[in-house]
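Asker: Take a look at this one; I'll ask things after.
The values are calculated or read from the model by the stated rules, or taken from the named source; none is laboratory data. The model shown is predicted, which means the values in this text are computed figures rather than measured ones. As a convention, Cβ positions derive from the backbone with ideal geometry for all residues, glycine included, and neighbour counts pool all protein chains shown. With ligands, DNA and RNA removed, areas are computed over all heavy atoms of the protein, side chains included. Shrake-Rupley method; radii C 1.70, N 1.55, O 1.52, S 1.80 Å.
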Amino acid sequence: MCDSGNATIRKLSFTGTNWLVSTIAGRAGILGTADGTNTAARFVGPAGIASDPAGTLYVADQGGHSLRQLTPVGTNWVTATIASVGEPCGLDTGGENSLLVTDSYYNVIREATLEGTGWTVNTIAGSGYAGSADGTNTLASFEGPLDIARDSQGNLFVCDLGETVRRITPLGTNWVVNTIGGLGQSEGAADGPNSTARFRWPSGLAVDPRGRVFVSDRGNATIRLGTPVPMVDFAVGSVRTNLDRQTGLFYQQVVVTNISTNILTGLRVSVTSLPARVQLVSATSTNPVSGAPFVEFANSLAPGQALTLTLAYYSATRETPLGTGVFVEAITPSSTAPNTGEAVSIRRALFRPDGYVAVEFDSLSSRRYAIQYSADLSLWAQAQPVVPGNGGRMIWVDTGPPVTASPPSTNRFYRIVLLPE
(Lines give C-alpha, C1' and ligand atoms only; values in the text may rest on other atoms or scores of the structure.)
Protein backbone atom coordinates (compact mmCIF):
# COMPACT_ATOMS: atom_id res chain seq x y z
CA MET A 1 0.00 0.00 0.00
CA CYS A 2 0.99 3.66 -0.47
CA ASP A 3 1.57 5.56 2.77
CA SER A 4 1.54 9.02 1.27
CA GLY A 5 1.99 10.88 4.56
CA ASN A 6 5.13 8.94 5.40
CA ALA A 7 6.36 8.76 1.78
CA THR A 8 6.75 5.00 1.99
CA ILE A 9 5.45 1.77 0.49
CA ARG A 10 4.12 -0.63 3.11
CA LYS A 11 3.28 -4.34 3.07
CA LEU A 12 0.48 -5.98 5.07
CA SER A 13 1.00 -9.70 5.74
CA PHE A 14 -1.63 -11.90 7.36
CA THR A 15 0.02 -13.96 10.11
CA GLY A 16 -2.22 -16.23 12.15
CA THR A 17 -5.03 -13.94 13.26
CA ASN A 18 -2.92 -10.79 12.95
CA TRP A 19 -1.80 -8.41 10.25
CA LEU A 20 1.89 -7.55 10.16
CA VAL A 21 2.81 -4.16 8.66
CA SER A 22 6.31 -3.64 7.25
CA THR A 23 7.97 -0.95 5.15
CA ILE A 24 9.43 -2.31 1.90
CA ALA A 25 10.58 0.94 0.24
CA GLY A 26 11.27 4.50 1.32
CA ARG A 27 12.00 5.94 4.77
CA ALA A 28 9.28 7.53 6.86
CA GLY A 29 9.31 11.31 6.80
CA ILE A 30 12.26 11.62 4.40
CA LEU A 31 11.15 12.87 0.98
CA GLY A 32 13.01 12.53 -2.30
CA THR A 33 13.15 10.92 -5.72
CA ALA A 34 16.18 8.65 -5.35
CA ASP A 35 16.03 5.11 -6.69
CA GLY A 36 17.53 2.30 -4.66
CA THR A 37 16.95 -0.84 -2.62
CA ASN A 38 14.46 -0.99 0.24
CA THR A 39 14.76 2.07 2.53
CA ALA A 40 17.44 3.66 0.32
CA ALA A 41 14.70 4.62 -2.15
CA ARG A 42 12.83 7.90 -1.68
CA PHE A 43 9.30 9.01 -2.51
CA VAL A 44 7.53 12.36 -2.28
CA GLY A 45 3.83 11.49 -2.30
CA PRO A 46 3.02 7.94 -3.43
CA ALA A 47 -0.71 7.85 -4.28
CA GLY A 48 -1.49 4.79 -6.42
CA ILE A 49 -0.16 1.25 -6.62
CA ALA A 50 -0.67 -1.81 -8.84
CA SER A 51 1.02 -5.16 -9.40
CA ASP A 52 1.57 -7.42 -12.40
CA PRO A 53 1.35 -11.24 -12.50
CA ALA A 54 5.11 -11.50 -11.86
CA GLY A 55 4.76 -9.69 -8.52
CA THR A 56 6.39 -6.47 -9.67
CA LEU A 57 4.85 -3.37 -8.10
CA TYR A 58 4.21 -0.04 -9.83
CA VAL A 59 3.70 3.18 -7.90
CA ALA A 60 2.31 6.54 -8.96
CA ASP A 61 4.41 9.05 -7.03
CA GLN A 62 2.17 12.08 -7.29
CA GLY A 63 4.49 14.46 -5.48
CA GLY A 64 7.51 13.11 -7.34
CA HIS A 65 5.79 13.47 -10.75
CA SER A 66 6.88 9.98 -11.72
CA LEU A 67 6.01 6.31 -12.13
CA ARG A 68 8.19 3.95 -10.10
CA GLN A 69 8.81 0.23 -10.46
CA LEU A 70 9.50 -1.97 -7.43
CA THR A 71 11.04 -5.32 -8.36
CA PRO A 72 11.36 -8.14 -5.80
CA VAL A 73 14.90 -9.51 -5.69
CA GLY A 74 15.14 -12.21 -3.06
CA THR A 75 13.95 -10.54 0.17
CA ASN A 76 14.71 -7.06 -1.16
CA TRP A 77 12.77 -4.51 -3.22
CA VAL A 78 14.62 -2.52 -5.87
CA THR A 79 12.99 0.79 -6.84
CA ALA A 80 13.55 2.37 -10.27
CA THR A 81 11.95 5.38 -11.96
CA ILE A 82 10.40 4.35 -15.29
CA ALA A 83 8.58 7.49 -16.52
CA SER A 84 7.81 11.13 -15.76
CA VAL A 85 4.14 12.18 -15.47
CA GLY A 86 2.55 15.49 -14.39
CA GLU A 87 0.78 14.38 -11.20
CA PRO A 88 0.14 10.63 -11.40
CA CYS A 89 -2.50 9.59 -8.93
CA GLY A 90 -4.50 6.42 -9.69
CA LEU A 91 -2.81 3.43 -11.28
CA ASP A 92 -3.81 0.04 -12.71
CA THR A 93 -2.26 -2.45 -15.09
CA GLY A 94 -3.59 -2.40 -18.64
CA GLY A 95 -2.47 -5.85 -19.67
CA GLU A 96 1.00 -7.12 -20.44
CA ASN A 97 3.62 -4.33 -20.37
CA SER A 98 1.02 -1.59 -19.97
CA LEU A 99 0.06 0.79 -17.15
CA LEU A 100 -2.97 3.08 -16.97
CA VAL A 101 -2.64 6.21 -14.88
CA THR A 102 -4.69 9.28 -14.02
CA ASP A 103 -2.84 12.59 -14.30
CA SER A 104 -4.76 14.86 -11.95
CA TYR A 105 -2.73 17.99 -12.77
CA TYR A 106 -3.25 17.89 -16.54
CA ASN A 107 -6.75 16.35 -16.30
CA VAL A 108 -5.97 13.42 -18.61
CA ILE A 109 -5.72 9.64 -18.60
CA ARG A 110 -2.40 8.26 -19.77
CA GLU A 111 -1.04 4.88 -20.79
CA ALA A 112 2.56 3.88 -20.17
CA THR A 113 3.77 1.09 -22.46
CA LEU A 114 7.00 -0.88 -22.20
CA GLU A 115 8.78 -0.74 -25.56
CA GLY A 116 12.02 -2.63 -25.52
CA THR A 117 13.76 -1.55 -22.33
CA GLY A 118 12.03 1.84 -21.98
CA TRP A 119 8.56 3.11 -21.18
CA THR A 120 6.56 5.40 -23.49
CA VAL A 121 3.73 7.55 -22.09
CA ASN A 122 0.75 8.58 -24.26
CA THR A 123 -2.49 10.40 -23.51
CA ILE A 124 -5.52 8.22 -24.29
CA ALA A 125 -8.35 10.43 -23.00
CA GLY A 126 -8.85 14.02 -21.91
CA SER A 127 -8.35 17.40 -23.55
CA GLY A 128 -6.11 18.77 -20.82
CA TYR A 129 -8.74 21.36 -19.91
CA ALA A 130 -10.91 20.94 -16.81
CA GLY A 131 -14.46 19.86 -17.59
CA SER A 132 -16.97 17.03 -17.61
CA ALA A 133 -17.63 16.51 -21.32
CA ASP A 134 -17.99 12.96 -22.62
CA GLY A 135 -16.45 12.04 -25.97
CA THR A 136 -13.78 10.08 -27.77
CA ASN A 137 -10.09 10.39 -26.88
CA THR A 138 -9.11 14.06 -26.41
CA LEU A 139 -12.67 15.30 -27.06
CA ALA A 140 -13.53 14.22 -23.51
CA SER A 141 -12.57 16.28 -20.48
CA PHE A 142 -11.87 15.56 -16.80
CA GLU A 143 -11.52 17.68 -13.71
CA GLY A 144 -9.02 16.14 -11.35
CA PRO A 145 -9.20 12.41 -12.17
CA LEU A 146 -8.00 10.54 -9.09
CA ASP A 147 -8.33 6.76 -9.21
CA ILE A 148 -8.64 4.26 -12.05
CA ALA A 149 -9.58 0.58 -12.33
CA ARG A 150 -9.85 -1.83 -15.25
CA ASP A 151 -12.48 -4.56 -15.55
CA SER A 152 -12.24 -7.98 -17.18
CA GLN A 153 -13.56 -6.60 -20.50
CA GLY A 154 -10.87 -3.91 -20.77
CA ASN A 155 -13.15 -1.02 -19.75
CA LEU A 156 -11.64 1.63 -17.50
CA PHE A 157 -13.44 3.34 -14.61
CA VAL A 158 -12.30 6.69 -13.24
CA CYS A 159 -13.45 8.72 -10.25
CA ASP A 160 -13.25 12.42 -11.02
CA LEU A 161 -13.16 15.38 -8.62
CA GLY A 162 -15.77 16.93 -10.93
CA GLU A 163 -18.19 14.80 -8.79
CA THR A 164 -18.54 12.02 -11.35
CA VAL A 165 -17.62 8.43 -12.10
CA ARG A 166 -16.59 7.86 -15.71
CA ARG A 167 -16.29 4.77 -17.89
CA ILE A 168 -13.74 4.62 -20.70
CA THR A 169 -14.46 1.97 -23.33
CA PRO A 170 -11.85 0.76 -25.84
CA LEU A 171 -13.10 0.96 -29.43
CA GLY A 172 -10.41 -0.19 -31.84
CA THR A 173 -7.56 2.26 -31.26
CA ASN A 174 -9.90 4.82 -29.68
CA TRP A 175 -11.18 5.35 -26.13
CA VAL A 176 -14.80 6.46 -25.61
CA VAL A 177 -15.56 8.31 -22.35
CA ASN A 178 -19.04 8.23 -20.78
CA THR A 179 -20.30 9.47 -17.41
CA ILE A 180 -22.02 6.59 -15.60
CA GLY A 181 -22.62 8.21 -12.21
CA GLY A 182 -23.08 11.76 -10.95
CA LEU A 183 -23.40 15.09 -12.71
CA GLY A 184 -20.45 17.39 -13.39
CA GLN A 185 -20.00 20.16 -10.80
CA SER A 186 -23.10 18.98 -8.87
CA GLU A 187 -22.16 17.63 -5.46
CA GLY A 188 -24.42 15.82 -3.01
CA ALA A 189 -25.13 12.45 -1.46
CA ALA A 190 -28.18 11.20 -3.37
CA ASP A 191 -28.39 7.63 -4.58
CA GLY A 192 -30.00 6.86 -7.93
CA PRO A 193 -29.33 5.86 -11.54
CA ASN A 194 -26.68 7.56 -13.67
CA SER A 195 -26.80 11.37 -13.50
CA THR A 196 -29.40 11.46 -10.70
CA ALA A 197 -26.77 10.17 -8.26
CA ARG A 198 -24.56 12.69 -6.49
CA PHE A 199 -21.03 12.49 -5.08
CA ARG A 200 -18.87 14.76 -2.99
CA TRP A 201 -15.20 14.21 -3.84
CA PRO A 202 -15.13 10.57 -5.08
CA SER A 203 -11.52 9.58 -4.53
CA GLY A 204 -11.10 5.82 -4.99
CA LEU A 205 -12.78 2.89 -6.72
CA ALA A 206 -12.60 -0.81 -7.50
CA VAL A 207 -14.44 -3.11 -9.93
CA ASP A 208 -15.47 -6.67 -9.09
CA PRO A 209 -15.85 -9.59 -11.56
CA ARG A 210 -19.61 -8.88 -11.86
CA GLY A 211 -18.91 -5.39 -13.18
CA ARG A 212 -20.02 -3.63 -9.99
CA VAL A 213 -18.14 -0.45 -9.13
CA PHE A 214 -17.33 0.38 -5.50
CA VAL A 215 -16.57 4.06 -4.88
CA SER A 216 -15.11 5.73 -1.80
CA ASP A 217 -17.04 9.01 -1.50
CA ARG A 218 -14.61 10.93 0.66
CA GLY A 219 -16.62 14.10 1.10
CA ASN A 220 -19.65 12.14 2.30
CA ALA A 221 -17.62 9.62 4.33
CA THR A 222 -19.42 6.75 2.59
CA ILE A 223 -18.78 3.77 0.34
CA ARG A 224 -21.05 3.75 -2.71
CA LEU A 225 -22.00 0.82 -4.93
CA GLY A 226 -22.67 1.22 -8.63
CA THR A 227 -24.53 -1.75 -10.11
CA PRO A 228 -24.90 -2.16 -13.90
CA VAL A 229 -28.60 -2.47 -14.68
CA PRO A 230 -29.62 -3.97 -18.04
CA MET A 231 -31.27 -1.36 -20.26
CA VAL A 232 -32.23 -3.74 -23.03
CA ASP A 233 -33.82 -7.15 -23.30
CA PHE A 234 -33.12 -9.22 -26.39
CA ALA A 235 -34.25 -12.41 -28.05
CA VAL A 236 -31.84 -14.15 -30.40
CA GLY A 237 -33.08 -16.21 -33.32
CA SER A 238 -31.24 -19.12 -34.89
CA VAL A 239 -28.81 -18.55 -37.73
CA ARG A 240 -30.66 -19.29 -40.95
CA THR A 241 -29.46 -22.58 -42.32
CA ASN A 242 -29.85 -21.54 -45.96
CA LEU A 243 -26.97 -19.71 -47.62
CA ASP A 244 -27.87 -16.50 -49.46
CA ARG A 245 -26.52 -17.31 -52.93
CA GLN A 246 -26.35 -13.65 -53.97
CA THR A 247 -24.15 -12.50 -51.11
CA GLY A 248 -22.66 -15.72 -49.75
CA LEU A 249 -23.94 -14.76 -46.30
CA PHE A 250 -25.93 -16.34 -43.50
CA TYR A 251 -28.33 -14.17 -41.48
CA GLN A 252 -29.49 -14.11 -37.87
CA GLN A 253 -32.18 -11.88 -36.34
CA VAL A 254 -32.01 -10.33 -32.88
CA VAL A 255 -35.05 -8.57 -31.40
CA VAL A 256 -34.02 -5.84 -28.95
CA THR A 257 -36.43 -4.09 -26.57
CA ASN A 258 -35.68 -0.94 -24.57
CA ILE A 259 -36.72 -1.87 -21.01
CA SER A 260 -35.39 1.35 -19.48
CA THR A 261 -37.17 4.67 -18.99
CA ASN A 262 -34.67 6.54 -21.15
CA ILE A 263 -34.25 6.98 -24.89
CA LEU A 264 -31.31 4.86 -26.01
CA THR A 265 -29.01 6.38 -28.62
CA GLY A 266 -26.88 3.39 -29.49
CA LEU A 267 -26.53 -0.38 -29.26
CA ARG A 268 -23.55 -2.72 -29.29
CA VAL A 269 -24.07 -6.31 -30.46
CA SER A 270 -21.21 -8.67 -29.59
CA VAL A 271 -20.81 -12.18 -30.99
CA THR A 272 -18.84 -14.88 -29.19
CA SER A 273 -17.81 -18.44 -30.04
CA LEU A 274 -17.58 -17.83 -33.78
CA PRO A 275 -16.54 -21.03 -35.58
CA ALA A 276 -13.24 -21.09 -37.44
CA ARG A 277 -13.27 -19.25 -40.79
CA VAL A 278 -16.51 -17.41 -39.95
CA GLN A 279 -16.61 -13.61 -39.79
CA LEU A 280 -19.18 -11.15 -38.49
CA VAL A 281 -19.78 -8.89 -41.48
CA SER A 282 -19.13 -5.15 -41.00
CA ALA A 283 -17.83 -5.60 -37.44
CA THR A 284 -17.09 -2.20 -35.94
CA SER A 285 -14.19 -3.52 -33.88
CA THR A 286 -13.08 -6.35 -31.60
CA ASN A 287 -13.07 -6.46 -27.81
CA PRO A 288 -9.37 -6.22 -26.86
CA VAL A 289 -9.76 -8.64 -23.94
CA SER A 290 -12.27 -11.27 -25.08
CA GLY A 291 -11.51 -11.00 -28.79
CA ALA A 292 -15.24 -10.97 -29.59
CA PRO A 293 -16.19 -8.89 -32.65
CA PHE A 294 -19.02 -6.41 -32.26
CA VAL A 295 -21.19 -4.10 -34.33
CA GLU A 296 -22.30 -0.70 -33.05
CA PHE A 297 -25.44 1.07 -34.20
CA ALA A 298 -26.37 4.71 -33.60
CA ASN A 299 -30.16 4.47 -33.89
CA SER A 300 -32.53 5.85 -31.24
CA LEU A 301 -34.80 3.47 -29.34
CA ALA A 302 -37.63 4.88 -27.21
CA PRO A 303 -38.72 3.29 -23.90
CA GLY A 304 -40.72 0.15 -24.61
CA GLN A 305 -39.81 0.18 -28.29
CA ALA A 306 -38.59 -3.01 -29.97
CA LEU A 307 -36.22 -3.25 -32.90
CA THR A 308 -35.25 -6.21 -35.07
CA LEU A 309 -31.55 -6.35 -35.94
CA THR A 310 -30.12 -8.55 -38.67
CA LEU A 311 -26.59 -9.91 -38.26
CA ALA A 312 -24.74 -11.22 -41.30
CA TYR A 313 -22.03 -13.90 -41.22
CA TYR A 314 -19.57 -14.87 -43.91
CA SER A 315 -18.62 -18.54 -43.81
CA ALA A 316 -15.60 -19.45 -45.92
CA THR A 317 -16.65 -23.11 -45.86
CA ARG A 318 -20.28 -22.27 -46.78
CA GLU A 319 -21.33 -24.23 -43.69
CA THR A 320 -23.95 -22.74 -41.33
CA PRO A 321 -22.23 -21.07 -38.35
CA LEU A 322 -23.66 -22.82 -35.28
CA GLY A 323 -23.09 -22.32 -31.57
CA THR A 324 -22.53 -18.55 -31.67
CA GLY A 325 -23.37 -16.41 -28.65
CA VAL A 326 -24.95 -12.95 -28.96
CA PHE A 327 -24.97 -10.19 -26.33
CA VAL A 328 -26.62 -6.77 -26.68
CA GLU A 329 -25.91 -3.70 -24.55
CA ALA A 330 -26.89 -0.04 -24.65
CA ILE A 331 -24.07 2.41 -25.33
CA THR A 332 -23.42 6.04 -26.09
CA PRO A 333 -22.17 5.82 -29.67
CA SER A 334 -18.77 7.25 -30.48
CA SER A 335 -18.35 9.89 -33.09
CA THR A 336 -17.97 8.47 -36.62
CA ALA A 337 -15.72 9.60 -39.39
CA PRO A 338 -16.87 12.69 -41.28
CA ASN A 339 -19.13 12.13 -44.29
CA THR A 340 -16.53 13.55 -46.63
CA GLY A 341 -14.30 11.56 -48.90
CA GLU A 342 -13.93 10.08 -52.34
CA ALA A 343 -16.98 8.78 -54.20
CA VAL A 344 -16.86 5.09 -55.15
CA SER A 345 -18.56 3.57 -58.18
CA ILE A 346 -21.40 1.17 -57.44
CA ARG A 347 -21.17 -1.96 -59.57
CA ARG A 348 -24.76 -3.02 -59.03
CA ALA A 349 -27.76 -2.38 -56.76
CA LEU A 350 -30.41 -5.09 -56.64
CA PHE A 351 -33.81 -5.10 -54.93
CA ARG A 352 -34.18 -8.70 -53.80
CA PRO A 353 -37.29 -10.86 -53.38
CA ASP A 354 -36.90 -10.79 -49.58
CA GLY A 355 -37.27 -6.98 -49.57
CA TYR A 356 -33.59 -6.27 -48.93
CA VAL A 357 -31.34 -4.25 -51.25
CA ALA A 358 -27.85 -5.52 -52.15
CA VAL A 359 -25.24 -2.96 -53.19
CA GLU A 360 -22.05 -4.21 -54.87
CA PHE A 361 -18.76 -2.26 -55.07
CA ASP A 362 -14.98 -2.73 -55.22
CA SER A 363 -13.06 -2.02 -52.02
CA LEU A 364 -9.53 -1.36 -50.82
CA SER A 365 -8.00 -3.31 -47.97
CA SER A 366 -7.80 -1.55 -44.59
CA ARG A 367 -9.95 1.38 -45.77
CA ARG A 368 -13.39 2.35 -44.49
CA TYR A 369 -16.51 3.12 -46.50
CA ALA A 370 -19.65 5.08 -45.62
CA ILE A 371 -22.86 3.79 -47.19
CA GLN A 372 -25.26 6.69 -47.63
CA TYR A 373 -28.88 6.66 -48.78
CA SER A 374 -31.51 9.17 -49.82
CA ALA A 375 -35.11 9.33 -51.08
CA ASP A 376 -34.67 12.53 -53.10
CA LEU A 377 -30.91 12.81 -53.86
CA SER A 378 -30.70 15.97 -51.73
CA LEU A 379 -30.90 14.85 -48.10
CA TRP A 380 -28.52 11.97 -47.38
CA ALA A 381 -28.35 9.77 -44.28
CA GLN A 382 -25.53 7.39 -43.37
CA ALA A 383 -26.05 3.71 -42.69
CA GLN A 384 -24.56 2.29 -39.50
CA PRO A 385 -21.85 1.24 -39.05
CA VAL A 386 -19.15 2.22 -41.53
CA VAL A 387 -17.87 -0.73 -43.59
CA PRO A 388 -14.24 -1.93 -43.55
CA GLY A 389 -12.91 -2.85 -46.99
CA ASN A 390 -11.54 -6.32 -47.72
CA GLY A 391 -9.48 -5.52 -50.80
CA GLY A 392 -11.96 -7.07 -53.23
CA ARG A 393 -15.55 -7.06 -54.46
CA MET A 394 -17.99 -6.44 -51.59
CA ILE A 395 -21.75 -6.74 -51.30
CA TRP A 396 -23.44 -4.60 -48.65
CA VAL A 397 -27.05 -5.40 -47.82
CA ASP A 398 -29.65 -2.88 -46.64
CA THR A 399 -31.71 -4.91 -44.16
CA GLY A 400 -33.50 -1.90 -42.69
CA PRO A 401 -33.32 -0.81 -39.02
CA PRO A 402 -30.99 -0.34 -37.33
CA VAL A 403 -28.58 -0.33 -40.29
CA THR A 404 -30.80 2.32 -41.90
CA ALA A 405 -33.59 4.35 -40.31
CA SER A 406 -36.39 2.57 -42.19
CA PRO A 407 -36.95 -0.53 -44.35
CA PRO A 408 -35.48 -0.37 -47.87
CA SER A 409 -37.73 0.53 -50.78
CA THR A 410 -37.58 0.81 -54.56
CA ASN A 411 -37.28 4.63 -54.40
CA ARG A 412 -34.17 4.68 -52.20
CA PHE A 413 -30.90 5.90 -53.76
CA TYR A 414 -27.44 4.85 -52.57
CA ARG A 415 -23.93 6.23 -52.76
CA ILE A 416 -20.63 5.00 -51.33
CA VAL A 417 -17.91 7.24 -49.92
CA LEU A 418 -14.29 6.20 -49.31
CA LEU A 419 -13.51 7.84 -45.97
CA PRO A 420 -10.19 9.62 -45.36
CA GLU A 421 -7.47 7.62 -43.66
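Asker: Rounded to the nearest 0.05, what FRET efficiency do Ser238 and Asn97 have when you use their Cβ-Cβ distance and R0 = 35 Å?
Answerer: That gives a FRET efficiency of 0.25.
Asker: Sort Glu87, Glu319 from largest to smallest accessible area, using a 1.4 Å probe on the heavy atoms of the protein chains.
Answerer: Descending accessible area places them as Glu319, Glu87.
Asker: Taking the Cα centre of segment 1-106 as origin, sum charge times position over the Cβ atoms of Lys and Arg (+1) and Asp and Glu (-1), and report the length of that vector in debye to the nearest 20.
Answerer: 400 debye
Asker: Could you please state how large a percent of the accessible area of the chain is carbon and sulfur, counting protein chains only and using a 1.4 Å probe?
Answerer: Roughly 52 percent, rounded to a whole number.
Asker: While we're here: With the crude spin-label approximation of a point 7 Å out along Cα→Cβ, what separation in nm comes out for Thr33 versus Arg277?
Answerer: My value for the distance between the label points is 5.8 nm.
Asker: Another one. Rounded to the nearest 5, what is the percent of antiparallel bridges among the DSSP beta bridges in segment 80-150?
Answerer: Around 95 percent antiparallel, to the nearest 5.
Asker: Considering only C-alpha atoms, what is the centroid distance from segment 249-314 to segment 125-164, in Å?
Answerer: 26 Å
Asker: Count the net charge of all other residues whose Cβ sits under 11 Å from the Cβ of Cys2, scoring Lys and Arg as +1 and Asp and Glu as -1.
Answerer: With Lys, Arg at +1 and Asp, Glu at -1, the net is 0.
Asker: Which of the peptides 216-227, 391-402 is most tightly packed, and how do the rest follow, judged by the mean count of other Cβ atoms within 10 Å per residue?
Answerer: So the peptides 216-227, 391-402, ranked by packing, come out 391-402, 216-227.
Asker: Right, something else. So what are the radius of gyration and Dmax for the Cα set of the chain, in Å?
Answerer: That works out to 25.1, 79 Å for Rg and Dmax.
Asker: Continuing with the same structure: What are the residues whose amide H is under 5 Å from the amide H of Gly64, where those residues sit 5 or more places off or on another chain and H is modelled from the backbone?
Answerer: Val44, Gly45
Asker: Any chance you could run the full-extension gain for Ala133 through Glu342? It's 0.36 nm times the residue separation minus the Cα-Cα distance, nm to one decimal.
Answerer: Gain in length upon complete extension: 72.1 nm.
Asker: According to the square roots a ≥ b ≥ c of the eigenvalues of the Cα gyration tensor, what is the shape class of segment 309-421, taking rounded for a/c under 1.5, prolate for a/b larger than b/c otherwise, and oblate for the remainder?
Answerer: rounded
Asker: Please compute P(r) over all alpha-carbon pairs of segment 19-88, binned at 10 Å starting from zero, and give each bin as a whole-number percent.
Answerer: Final binned percentages: 22, 56, 20, 1.
Asker: What accessible area per residue comes out for segment 112-200, rounded to a whole number of Å², with a 1.4 Å probe?
Answerer: 42 Å²
Asker: Please state the relative contact order of the chain as a whole percent: Cα pairs under 8 Å, 6+ residues apart?
Answerer: Over the chain, the number comes to 8 percent.
Asker: May I ask you to order 343-351, 265-273 by the average number of other C-beta atoms within 10 Å around their residues, highest value first?
Answerer: 265-273, 343-351
Asker: What does the charge count near Ile124 come to, summing +1 for each Lys or Arg and -1 for each Asp or Glu among other residues with Cβ under 10 Å from its Cβ?
Answerer: Taking every Cβ under 10 Å from that of Ile124, the sum is 0.
Asker: Quick check for you: with a 1.4 Å probe and neighbouring chains kept, what is the accessible area per residue of segment 18-71, in Å²?
Answerer: That works out to 44 Å² for each residue.
Asker: About its Cα centre, what dipole magnitude does the chain give when the only charges are +1 on Lys and Arg Cβ and -1 on Asp and Glu Cβ, stated in debye to the nearest 20?
Answerer: Computed about the Cα centre, the dipole is about 620 debye.
Asker: What is the extension gain from Asn194 to Ser22, computed as 0.36 nm multiplied by their sequence separation minus the C-alpha to C-alpha distance, in nm to one decimal?
Answerer: 57.9 nm
Asker: Compute the accessible area per residue over segment 227-307, keeping the other protein chains in place, probe 1.4 Å, unit Å².
Answerer: Ligands and nucleic acids excluded, the result is 50 Å² per residue.
Asker: Show me 51-57, 24-30, 73-79, 14-20 ranked by packing, highest mean number of other Cβ atoms within 10 Å first.
Answerer: So the order, starting with the most tightly packed, is 24-30, 73-79, 51-57, 14-20.
Asker: Further question on the same structure: Between segment 42-101 and segment 172-203, what is the separation of their alpha carbon centroids in Å?
Answerer: Cα centroid to Cα centroid, the span is 27 Å.
Asker: Let me ask something else. Which one, Thr308, Ser66, Asn220, is farthest towards the positive end of the dipole of the chain when Lys and Arg carry +1 and Asp and Glu -1 on their Cβ?
Answerer: Looking along the dipole axis, the top candidate is Thr308.
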